[in-house]
Amino acid sequence: METLSTFVASTAGKSFCPTPPAPSRRASLAVVVDSTCAHELGLGSPTYPLPKESYPACTSTYQWKEIYGHEFLFGSSLFIHQFSHLWIDFRGIQDDFMRGKDIDYFENSRRATHIQQQYAIDNPHGFAGYGQYFWGLTASDGPGRTVRQVARVKRRFFDYVARGVPYGPDDGTVAPWAVVASLPFAPEIVLPTVRYFKEVYPEITGKYCFKCSFNLTFPHESQEKPGWTSRYHYGINLGPVVLACENHRSGLLWRLTRRCPYVVTGLRRAGFANGWL
């Protein structure tokens, strides 16, 4: 069996980024942004660190796009732009890729959040509810894998899938928790949206905050009220809500992580510089 040290030595220069199959690639580009925290920990390991060359091999897969007037590192689902930011304060620090674009990953996530809102305002597929205060596409629960005729339109629905903008998949399902998890990036659009969800759709608020997701286009089985609402709370959804809110309020998680020598070492080995680093 190959030892870890032999594996590390044999993988220098190779990308550790997941590469999805070609048909799903447009919806999954830049998923590495979501896994940046794990990559930095790997680079910062004091025992068996990832090869330094693995990080630029990863960023070589990035795609820079302009959508709704915003240039950004493309990632269709909101979670891609959130999860690493729960732990690492990317404000003001840049790797080689972001230095070349003259922004940082925090600003990139802010732009991605605004793109999500603008997509809902544009509403290219005519889903019910979509608008200025009704947005948030990410990996989430859904009504189920089925096809229904809705107002004379044939609609395809999904169960748990990574929904995204602007290329889909999109079946009219939004995830309120994902809106809250973008609070540090764009409070000016997140807070009014959260308030709207709570006031207009109280049924999506459960025992532990917002339920996973809901869809106003999917026909409700009772026909007495519109849409479908997930019955579930997922820890992988509620955890980011708590951490994002605390970072917005006090920056606690960011301050603690800045003191972690392995994260700091990993960031520097990846070429991050400037700001607090």
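The values are calculated or read from the model by the stated rules, or taken from the named source; none is laboratory data. This one's a predicted model, so the numbers in the text were calculated from it and none came from an experiment. With ideal geometry, Cβ positions are generated from the backbone for all residues, glycine too; neighbour counts draw on all protein chains shown.
Table: residues versus (1) of a type in the set (S, T, N, Q); (2) modelled with pLDDT of 95 or more; (3) at negative phi; (4) surrounded by 14 or more Cβ atoms within 10 Å (Cβ to Cβ).
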site: Val180; (1), (2), (3), (4): no, yes, yes, yes
site: Pro219; (1), (2), (3), (4): no, no, yes, yes
site: Ser222; (1), (2), (3), (4): yes, no, yes, no
site: Glu246; (1), (2), (3), (4): no, yes, yes, yes
site: Leu253; (1), (2), (3), (4): no, yes, yes, yes
site: Phe272; (1), (2), (3), (4): no, yes, yes, yes
**Request:** Report, ordered by the first and then the second residue, all pairs with beta carbons closer than 8 Å, sequence separation of six or more or different chains, a first member in the stretch 238-259 that is over 17 Å from Val180 (Cβ atoms), and a second member that is in a helix (DSSP H, G or I).
**Result:** Trp254/Asn247; Thr257/Val263; Arg258/Val264
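Every residue, every condition in (1) surrounded by 21 or more Cβ atoms within 10 Å (Cβ to Cβ); (2) hydrophobic (A, V, I, L, M, F, W, C); (3) in contact (Cβ under 8 Å) with a residue 60 or more places away in the chain; (4) within 21 Å of Cys245 (Cα to Cα), yes or no:
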position: Asn123; (1), (2), (3), (4): no, no, no, no
position: Gly126; (1), (2), (3), (4): no, no, no, no
position: Gly131; (1), (2), (3), (4): no, no, no, no
position: Asp141; (1), (2), (3), (4): yes, no, yes, no
position: Arg148; (1), (2), (3), (4): no, no, yes, no
**Fill in**
Note on Gly69: of the conditions (1) without any contact (Cβ under 8 Å) to a residue 60 or more places away in the chain; (2) over 19 Å from Thr113 (Cβ atoms), unmet is (2)
**Complete:** Note on Glu53: of the conditions (1) touching a strand residue (DSSP E or B) at 6+ places or on another chain (Cβ under 7 Å); (2) free of Cβ contacts under 8 Å to residues at least 60 places away in the same chain; (3) not aromatic (Phe, Trp, Tyr), unmet is (1)
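Counting only residues that are of a type outside the set (Gly, Ala, Ser) and in contact with a strand residue (DSSP E or B) (Cβ under 6 Å, 6 or more places away or on another chain), which one in the stretch 74-103 is nearest to Pro166 (Cα to Cα)?
Of all residues in the stretch 74-103, those of a type outside the set (Gly, Ala, Ser) come to 74, 78-83, 85-91, 93-99, 101-103.
Those left that are additionally in contact with a strand residue (DSSP E or B) (Cβ under 6 Å, 6 or more places away or on another chain): 74, 79.
Working: Phe74: 10, Phe79: 15 Å.
Among those residues, the one meeting the criterion is Phe74.
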**Request:** Within the stretch 44-102, track down each residue that is on the phi > 0 side of the Ramachandran plot and not small (Gly, Ala, Ser).
**Result:** Tyr68, Asp102
**Prompt:** Can you find a residue in the stretch 185-201 that is at pLDDT 95 or above, small (Gly, Ala, Ser) and crowded, with 21+ Cβ neighbours inside 10 Å?
**Reply:** no
**Request:** Filter the stretch 47-104 for residues that are crowded, with 19+ Cβ neighbours inside 10 Å, under 25 Å from Cys245 (Cβ atoms) and charged (D, E, K, R) and give the result.
**Result:** Asp89, Asp104
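Specify the residue that is nearest to Gly251 (Cα to Cα); the eligible residues are those in the stretch 150-178 that are of a type in the set (Gly, Ala, Ser) and surrounded by 15 or more Cβ atoms within 10 Å (Cβ to Cβ). Quick ask: steps written out before the conclusion?
As a first pass, look at the stretch 150-178 and keep what is of a type in the set (Gly, Ala, Ser): 151, 162, 164, 168, 172, 175, 178.
If we keep only those that are surrounded by 15 or more Cβ atoms within 10 Å (Cβ to Cβ) too, we end up with 162, 164, 168, 172, 175, 178.
Details: Ala162: 28, Gly164: 28, Gly168: 33, Gly172: 33, Ala175: 24, Ala178: 19 Å.
Going through the qualifying residues, I end up with Ala178.
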**Message:** Which condition from (1) without any contact (Cβ under 8 Å) to a residue 24 or more places away in the chain; (2) under 30 Å from Trp254 (Cα atoms) is the one that Phe197 breaks?
**Reply:** (1)
